[in-house]
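A short write-up of the structure that comes next.
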Amino acid sequence: MAPPHPIPYQGSKRCLSGAILATVGGRRPRRLFEPFAGSAAITLAAAEARLAERFVVGDSLAPLMGIWREILAAPDRLADAYERLWRAGDYGAVRAGYNRDCDPAALLYLLARCAKSAPRWSRAGAFNQSPDRRRTGRRPERMRSELVAASALLGGRTELRAGDFEATIADAGPDDLVYLDPPWQGTTDGRDKRYHQGLARARLLAALAELQRRAVPFLLSYDGRRGVRSYGEPLPPSLGLLRMELSGGRSSQATLHGRAEVTIESLYVWSPLSAGSGERGG
Ligand SMILES: C[S@@+](CC[C@H](N)C(=O)[O-])C[C@H]1O[C@@H](n2cnc3c(N)ncnc32)[C@H](O)[C@@H]1O
């Protein structure tokens with residue numbers, strides 16, 4: 001059965017979750033950490049497939065973690081609030097309200113209703129993405145069933161941690177698995193500031209070295225390419241990561257422009273048991 005996916009989020013790894021989790025092999029980690037969770041697509045897929053006993057979900061966007069808190073604690077209350085906002089249909093008022101009080105239900109509505117489910121932020125940190133002019137966003141009944149299903153799947157075995165990824169993974173150990181999906185280099189250094197916060201490459205490299213020092217297995221999505229364009233520099237071979245290439249399917253951007261280009265994403269795999277380097281297609 002397809003796992004629930006309650007938070008519409010550009011960059012969600014829902015379509016790649018099977019390929020990403022296939023790299024775990026027969027090992028069943030004690031806890032799966034997803035410190036750049038967004039819509040937590042990998043956690044939801046791993047829970048559905050019973051790939052780990054417990055889950056730690058974190059993101060530095062506090063109102064997004066507020067959505068996750070409501071999903072676990074009171075999914076029907078969140079569904080009611082979403083339904084009220086959806087039926088009133090006043091995107092501008094919800095966006096202005098969200099920028100004042102950061103209400104999680106307002107953020108859920110904005111994500112479901114904004115162009116490409118892609119949040120965009122001003123320099124001052126205000127949500128400034130426009131509404132999708134052609135679609136009205138996920139209907140309330142469907143949103144309710146996704147929220148309730150995600151709550152049932154993760155409830156009782158998931159810990160939420162709002163904050164920086166390094167704090168979220170500070171207690172991960174050799175029996176755990178960390179899945180990292182940080183903002184790509186292109187969305188940190190370039191003009192396209194997609195997330196409320198980017199991540200400097202040097203900080204990421206230092207965190208990976210620290211995980212290796214503590215013998216914590218990890219998977220990392222970081223760079224990729226579409227057609228002849230590459231996004232981000234591959235990571236240094238000195239880290240000894242296995243780099244695989246996963247096909248993310250046809251890019252909606254390229255399809256819009258009449259080009260049949262497929263997005264290829266890198267997945268870097270590291271475990272203390274199979275430390276070494278190499279490349280594989282996927
Ligand atoms: C590429 S998205 C993750 C998408 C996710 N894999 C999914 O399936 O939806 C990156 C996420 O990292 C978060 N983020 C950015 N910088 C962070 C940091 N320093 N620590 C924790 N989270 C961060 C952003 O808010 C965003 O939700």
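The values are calculated or read from the model by the stated rules, or taken from the named source; none is laboratory data. None of these values were measured; they are calculated from a predicted model. Here the Cβ is made from the backbone with ideal geometry for all residues, glycine too, and neighbour counts use every protein chain on show.
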(message) Condition first: more than 23 Å from S238 (Cβ to Cβ), outside any helix (DSSP H, G or I), at pLDDT 95 or above and touching a helix residue (DSSP H, G or I) at 6+ places or on another chain (Cβ under 8 Å). Can you find one or more residues in the range 198-207 that meet it?
(response) no
(message) Restricting to the range 12-56, give me the number of residues that are among the acidic types (D, E) and either in contact with a Ser or Thr (Cβ under 7 Å, 6 or more places away or on another chain) or not in a loop (DSSP other than H, G, I, E, B) (or both).
(response) 2
(request) Considering every residue within the range 116-133, establish whether at least one is closer than 29 Å to E159 by Cβ, buried (at least 21 other Cβ atoms within 10 Å of the Cβ) and at pLDDT below 95. (result) yes
(request) Hey, can you tell me all the residues within the range 223-253 that are at pLDDT 80 or above and of a type in the set (K, R)? (result) R225, R226, R229, R243
(request) Restrict the check to the range 75-86 and report whether at least one residue is more than 14 Å from the ligand (Cβ to nearest atom), surrounded by fewer than 22 Cβ atoms within 10 Å (Cβ to Cβ), closer than 17 Å to L110 by Cβ and of a type in the set (K, R). (result) yes
(request) Note down all Cβ pairs under 7 Å where the first residue falls in the range 107-127 and is in a strand (DSSP E or B), the second is of a type in the set (D, E, K, R), and they're at least six residues apart or on different chains. (result) C114/D132; W121/K193; F127/R95
(request) Looking for whichever is more than 9 Å from the ligand (Cβ to nearest atom) and either at pLDDT 85 or above or touching an Asp or Glu at 6+ places or on another chain (Cβ under 8 Å) (or both) here; the options are F165, F218. Which one fits? (result) F218
(request) Can you give me the number of residues within the range 14-30 that are within 9 Å of the ligand (Cβ to nearest atom) and either among the polar types (S, T, N, Q) or closer than 16 Å to F218 by Cα (or both)? (result) 1
(message) What pairs come out if I take residues in the range 66-89 that are over 23 Å from V56 (Cα atoms) and in contact (Cβ under 8 Å) with a residue 24 or more places away in the chain and pair them with residues that are part of a helix (DSSP H, G or I) and of a type in the set (G, A, S) whose C-beta lies under 6 Å away, six or more apart or interchain?
(response) A81/A105; Y82/A105
(request) Residues being touching a residue at least 40 places away in the same chain (Cβ under 8 Å), crowded, with 22+ Cβ neighbours inside 10 Å and not charged (D, E, K, R): count how many of those fall in the range 12-28. (result) 2
(request) May I ask you to say which residue of Y9, Y82 is touching a helix residue (DSSP H, G or I) at 6+ places or on another chain (Cβ under 8 Å), among the hydroxyl-bearing types (S, T, Y), in a helix (DSSP H, G or I) and over 19 Å from W270 (Cα atoms)? (result) Y82
